[in-house]
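The values are calculated or read from the model by the stated rules, or taken from the named source; none is laboratory data. As the structure is a computational prediction, the values presented were derived from the model and not from experiment. Don't worry about glycine lacking a Cβ; one is built from the backbone with ideal geometry, like all the others, and counts go over all protein chains shown. Just so you know, the surface numbers come from the protein's heavy atoms only, side chains and all, with ligands and any DNA or RNA stripped out. Shrake-Rupley method; radii C 1.70, N 1.55, O 1.52, S 1.80 Å.
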Amino acid sequence: MQKPPPQSVDFALKQTSPNIGAGAVTGDKLSCTYDLVEQMQYLYVRVVKAKDLPGKDVTGSCDPYVEVKLGNYKGVTKHFEKKSNPEWNQVFGFSKERIQASILEVFVKDKDVVVDDLIGRVVFDVNEIPKRVPPDSPLAPQWYRLEDRKGNKPKGELMLAVWMGTQADEAFPDAWHSDAASVGPDGVTNIRSKVYLSPKLWYVRVNVIEAQDLVPSDKGRFPEVFVKAVLRNQALRTRISPSKTINPMWNEDLMFVVAEPFEEPLFLSVEDRVGSNKDETLGKCVIPLQVVQRRLDHKPVNSRWHNLEKHVIVDGEKKEMKFASRIHLRICLEGGYHVLDESTHCSSDLRPTAKQLWRPNIGILELGILSAHGLMPMKTKDGRGTTDAYCVAKYGQKWIRTRTIVDNFMPRWNEQYTWEVFDPCTVITIGVFDNGHIHGGAGGAKDARIGKVRIRLSTLEANRVYTHSYPLLVLHSSGVKKTGEVQLAVRFTCSTLINMLHMYSHPLLPKMHYIHPLSVIQLDSLRHQAVQMVSVRLSRAEPPLRKEVVEYILDVDSHMWSMRRSKANFFRIMGVLSGLIAVGKWFDQICNWRNPITTILIHILFIILVLYPELILPTVFLYLFLIGIWNYRWRPLHPPHMDTRVSHADAAHPDELDEEFDAFPTSRPSDIIRMRYDRLRSIGGRVQTVIGDLATQGERLQSLLSWRDPRATTLFVTFCLIAAIVLYVTPFQVVALLIGLYALRHPRFRHKLPSVPLNFFRRLPARSDSML
């Protein structure tokens, strides 16, 4: 394996200096409450309702709607059929940067088949519109008399509120924006900014203890009974009971994931394996989760007997048969676990499910999503490339989605969000996506991923504002590609330093994960189910946070096999071991007297430590302290980001990337599958050899006292007896001094042949000669 090349400059993090209010001394309220983004001025028009509108049709009725026009930009409300007192309550926002007109016109029109008739209008001078800054109360709407183009005031009034504000205004998220003028009324909901909350997830533990008085159809055979449990789309079953009687026992746990509110019950069935692929149901029961006990610690909950019901067919009709069969269960909702929907290595939340077990927060995380630039065209519209970009950030249970900036390769969002922080060793994930549903995308349309950024909070200094431009990198089957950059401002504010430092002494996960740990296979399966539940629930919101977005943020495919990731992890291990290897090389140079002065100083230090052993531990910790102080000068000044060198993404072979992006099960032709299988066999052979060598060394250690080689064991036990006597009569300091001086002896007293102990160890027997 070749070492990957250094990180490309184009893929590197860049520090920026945006014009934000953080740290600035100003009297503007916005700089205190919304200070991680650049101010963006908007002209807001709230159209509330109209009354007494005159009829324009021959029937004397009207189909009114409102058109808000500012220069070349105009927004339109929905229209009502035959209604003279309509209510819209809709907000329009016009970016001040794009305002070129001096007047704002609000038209009330009558929807018609050919040409829409003007009912009346209200005109405002843009320079006279008042300014509002939160937390001022919202501007109260007023009634305005409608006038025609000649200035006459016909019948009808319109209730409006018009003001100048910023993106901090509470009307901002729900407003129709002028930069999305091409989006129709039906598509507006898909471009708005929203905050989402993940559903509250619980683990359900079903402890199947035993059953009694089962009635199998064939009483002449020993029943092979198991229990099948189904919860939503999750189905688990116990093993076949070893006691093949009508009173079987299992004492086996089945684990499920469920989300509040509990809409579906738990279905249990006791089944008998009567054939190779044939099971007979001996009884069923249904358990609503609303009545299940909630457990906060490891104390067992009370068990209960549940009656089993069986349906039989009598004269073609399904009838319920009551009988005495029952099942013994212990069911609980586990509140002491954290339901994992993210990888533990980059999790944003580590709290248990039960709110009673939460610790107080230790600080606040603020994120300003400023802008992006250099975005690549993600789709084609009217013969040209276009991108409709929006951001999604996830931390804890809270997801945020910025508004979509339509048809812009350099979008400016300037939206700020806040999260409570309960653990500093957590990660916030920010993803940038292209909205594929603005113009009523086809049923199979997906929001394309533009890139992702992860920021670990423990790498941030408290109360410091980090403003950087992060590269957006996406791995394709053709290789890694930079799709643009996103500019973020991040601040982690620590409320209590003592509590935050105390968090480093606590376990990473809630204590139930250590008292009653779940197996790796269980955790993988439960995480998959949790991700599915979160994605389904968020995809039902309005606007929906789509499944492909949720799965990309949660790294749903991180467990899949990848040759590239395997190489990257190998180089990570080598990077960790490089320090030990460097120390070994340095010690070898000391032993070989490459630098005589250094070797003599090491001799002196060694003799001092042997004569005064109480100085050994203080010396070690003082040395580590000095290394830490020395490295402070070169501490990282920027938060980490996606690194193509660490990921081995820019040096991956095309076939390895094609394999990584292949579906599961594979869709590639047989010759490619054969080649990849042979490659895996080759790699597996090398791993097998290394594992075999490690096993051999361990078995040689065992054989020292196992008498597999009687002569070698005789020599070893004789040596141990002599060594015990010598070490008893010789002071330990003398022994340590002699061993150290022998190890540091001059090269002229060394031999190139292996040492006697090493020769002896290599001659010991192992079980490799017993392998087939």
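Each row is one residue, and each column tells you yes or no for (1) part of a helix (DSSP H, G or I); (2) of a type outside the set (Phe, Trp, Tyr); (3) surrounded by 15 or more Cβ atoms within 10 Å (Cβ to Cβ).
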residue: PRO135; (1), (2), (3): no, yes, no
residue: PRO138; (1), (2), (3): no, yes, yes
residue: LYS153; (1), (2), (3): no, yes, no
residue: VAL162; (1), (2), (3): no, yes, yes
residue: ALA168; (1), (2), (3): no, yes, yes
residue: ASP174; (1), (2), (3): no, yes, yes
residue: TYR196; (1), (2), (3): no, no, yes
residue: PRO199; (1), (2), (3): no, yes, yes
residue: LYS219; (1), (2), (3): no, yes, no
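Could you tell me which residue of region 87-105 is surrounded by the most Cβ atoms within 10 Å (Cβ to Cβ), considering only residues that are without any contact (Cβ under 8 Å) to a residue 60 or more places away in the chain and within 21 Å of THR189 (Cα to Cα)?
Let us first name the residues in region 87-105 that are without any contact (Cβ under 8 Å) to a residue 60 or more places away in the chain, namely 87-89, 97, 99-103, 105.
After this cut, where a residue has to be within 21 Å of THR189 (Cα to Cα) as well, the list is 87-89.
Numbers: GLU87: 13, TRP88: 19, ASN89: 12.
The extreme case among them is TRP88.
Go through region 642-679 and count every residue that is touching a residue at least 24 places away in the same chain (Cβ under 8 Å), assigned to a loop (DSSP other than H, G, I, E, B) and open to solvent by less than 80 Å² (accessible area, probe 1.4 Å).
Residues meeting the conditions: 7.
Given region 332-392, what strands (runs of 3 or more DSSP E) lie entirely inside it while holding 2 or more residues that are within 20 Å of the chain's Cα centre (by Cα)?
Qualifying strands (runs of 3 or more DSSP E): 363-373.
Tell me which residues, restricted to region 392-409, are among the polar types (S, T, N, Q) and under 13 Å from ILE369 (Cα atoms).
First pass over region 392-409, keeping only residues among the polar types (S, T, N, Q): 397, 402, 404, 408.
Correct list: THR402, THR404.
Looking at the structure I just gave you, is ASN408 surrounded by fewer than 20 Cβ atoms within 10 Å (Cβ to Cβ) and on the phi > 0 side of the Ramachandran plot?
Working: surrounded by fewer than 20 Cβ atoms within 10 Å (Cβ to Cβ): yes; on the phi > 0 side of the Ramachandran plot: no.
Considered against the rule, which asks whether it is surrounded by fewer than 20 Cβ atoms within 10 Å (Cβ to Cβ) and on the phi > 0 side of the Ramachandran plot, ASN408 comes out as no.
Can you list residue pairs whose Cβ atoms sit under 8 Å apart, with the first residue in region 548-561 being farther than 16 Å from ALA448 by Cβ and open to solvent by 40 Å² or more (accessible area, probe 1.4 Å) and the second being part of a loop (DSSP other than H, G, I, E, B) and not small (Gly, Ala, Ser)? Count only pairs 6 or more apart in sequence or on different chains.
These pairs meet every condition: MET560/PHE664.
Taking region 543-585, which residues are of a type in the set (S, T, N, Q) and in a loop (DSSP other than H, G, I, E, B)? First the steps, then the outcome.
First, the residues of region 543-585 that are of a type in the set (S, T, N, Q): 558, 562, 566, 569, 578.
Across region 543-585, the qualifying residues are SER558, SER562.
Quick one: LYS511 ticks every box in (1) under 14 Å from MET255 (Cβ atoms); (2) in contact (Cβ under 8 Å) with a residue 60 or more places away in the chain; (3) not aromatic (Phe, Trp, Tyr) except a single one, so which number is it?
For LYS511, the failing item is (1).
Using beta carbons and a limit of 8 Å, which pairs, at least six apart or on different chains, have the first residue in region 610-638 and closer than 30 Å to ALA12 by Cβ and the second one not β-branched (Val, Ile, Thr)?
Close Cβ pairs (under 8 Å, with a partner that is not β-branched (Val, Ile, Thr)) amount to HIS638/LEU13; HIS638/GLN15; HIS638/TYR466; HIS638/HIS468.
Limited to region 661-691, what total is found for residues that are β-branched (Val, Ile, Thr) and under 27 Å from VAL480 (Cβ atoms)?
Just the residues of region 661-691 that are β-branched (Val, Ile, Thr), to begin with: 666, 672-673, 683, 687, 689-691.
Among the residues that remain, those that are also under 27 Å from VAL480 (Cβ atoms) are: 666, 672-673, 683, 687.
Selection size over region 661-691: 5.
Consider PHE323 against the criteria (1) among the aromatic types (Phe, Trp, Tyr); (2) under 30 Å from ARG456 (Cα atoms); (3) at pLDDT below 85: it satisfies all of them except one. Which criterion is unmet?
In the conditions (1) among the aromatic types (Phe, Trp, Tyr); (2) under 30 Å from ARG456 (Cα atoms); (3) at pLDDT below 85, PHE323 misses (2) alone.
Scanning for something assigned to a helix (DSSP H, G or I) and within 45 Å of the chain's Cα centre (by Cα), does region 591-610 turn up at least one residue? Explain how you work it out, then say what you get.
Start the filter on region 591-610 by keeping residues that are assigned to a helix (DSSP H, G or I), which leaves 591, 596-610.
Now drop any that are not within 45 Å of the chain's Cα centre (by Cα), which leaves none.
No: region 591-610 contains no residue that is assigned to a helix (DSSP H, G or I) and within 45 Å of the chain's Cα centre (by Cα).
Among (1) among the hydrophobic types (A, V, I, L, M, F, W, C); (2) under 18 Å from LEU473 (Cα atoms); (3) in contact with a strand residue (DSSP E or B) (Cβ under 7 Å, 6 or more places away or on another chain), there is one condition PHE409 misses while meeting the rest; what is its number?
Failing condition for PHE409: (3).
Within region 486-513, how many residues are open to solvent by 10 Å² or more (accessible area, probe 1.4 Å) and in a strand (DSSP E or B)? Spell out how you get there, then give the answer.
Within region 486-513, the subset open to solvent by 10 Å² or more (accessible area, probe 1.4 Å) is 487, 491, 493-511, 513.
Still in the running and in a strand (DSSP E or B): 487, 491, 493-494.
Residues flagged as open to solvent by 10 Å² or more (accessible area, probe 1.4 Å) and in a strand (DSSP E or B) within region 486-513 amount to 4.
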